[in-house]
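Please read the structure below before turning to the comments.
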Amino acid sequence: MKKSVWLLLLFLFGCAGKPKAPAITASLTDNNSAIKLSGIDEAITGEIARDSTAGIWEKLLPVYKMPKDTDLKNYQPVQPGRYKVKAGSVVFTPDTPFVKGQLYFMRYYHFEGSSIWDYIKGKKRLGEAGYSDLLIAL
C-alpha cells in the first residue's frame, strides 16, 4: 500500500512541475525612439548576439507597422533597423523614426519546447513556429 502511495505522489509531482514560459514584454525606450524586448533568457540573447549571420535578429524578432486593416498584418514588410543586446534585453532602433500615433508590433516566435525530433516526426514543420504579436503604441 505504501509503495503505491509513493508512486502516485511521485507521478503527480512529476506532472505538475512543467515550467511556465517566460513573460516576454515589449516597451518603448530611448525617448520613444526604440523598442526594448525583455524577458528572454540572457543565455539565448548572448548566443544569438554572437551569431554573425546577417539579419538574424530581423528574422527572429521582426518589427512591423500595424495596417489599418489588421487582417493584412501578415503581409506587411519588415521595419528595417538595428538590433542591440543591452543588459539582457534586445533593443530595436528603426532606420526611420517611429511615427507618433502609429501602432507597431514585434513578432516573437515561440521555439521553447521544440526539439529536432518534433520536426523529424512531422509534429512540427519549419516555418510554422507559434508566435505572439507584442503591440507597441506610440
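The values are calculated or read from the model by the stated rules, or taken from the named source; none is laboratory data. Bear in mind that the values here come from a model prediction, so they are computed numbers and not experimental data. Glycine also receives a Cβ, built like all others from the backbone with ideal geometry; neighbour counts cover every protein chain displayed.
Yes or no: residue 35 at pLDDT below 85 and surrounded by 14 or more Cβ atoms within 10 Å (Cβ to Cβ)?
no
Which condition number does residue 60 fail, the rest of (1) closer than 18 Å to residue 26 by Cβ; (2) of a type outside the set (Asp, Glu); (3) modelled with pLDDT under 80 being met?
(3)
Would you say residue 75 is among the aromatic types (Phe, Trp, Tyr), surrounded by fewer than 12 Cβ atoms within 10 Å (Cβ to Cβ) and modelled with pLDDT of 90 or more?
Numbers: among the aromatic types (Phe, Trp, Tyr): yes; surrounded by fewer than 12 Cβ atoms within 10 Å (Cβ to Cβ): yes; modelled with pLDDT of 90 or more: yes.
Criteria met by residue 75.
Within segment 85-95, how many residues turn out to be loosely packed, with under 14 Cβ neighbours inside 10 Å and within 20 Å of residue 54 (Cβ to Cβ)?
Number of matching residues: 1.
Restricting to segment 42-79, name every residue that is part of a loop (DSSP other than H, G, I, E, B) and touching a Pro at 6+ places or on another chain (Cβ under 7 Å).
Within segment 42-79, 76, 78, 79 qualify.
Just to check your reading of the model, which residue among 130, 101, 122, 113 is small (Gly, Ala, Ser), surrounded by fewer than 16 Cβ atoms within 10 Å (Cβ to Cβ) and modelled with pLDDT of 80 or more?
One residue alone meets the criteria, 101.
Among the residues of segment 27-68, which ones are under 12 Å from residue 104 (Cα atoms) and within 12 Å of the chain's Cα centre (by Cα)?
Those that are under 12 Å from residue 104 (Cα atoms) and within 12 Å of the chain's Cα centre (by Cα): 62, 63.
Pairs needed: first member in segment 41-62, without any contact (Cβ under 8 Å) to a residue 60 or more places away in the chain; second member anywhere, of a type outside the set (Ser, Thr, Tyr) and assigned to a loop (DSSP other than H, G, I, E, B); C-beta distance under 7 Å; at least 6 residues apart or different chains.
41/22; 42/88; 45/88; 58/78; 62/78
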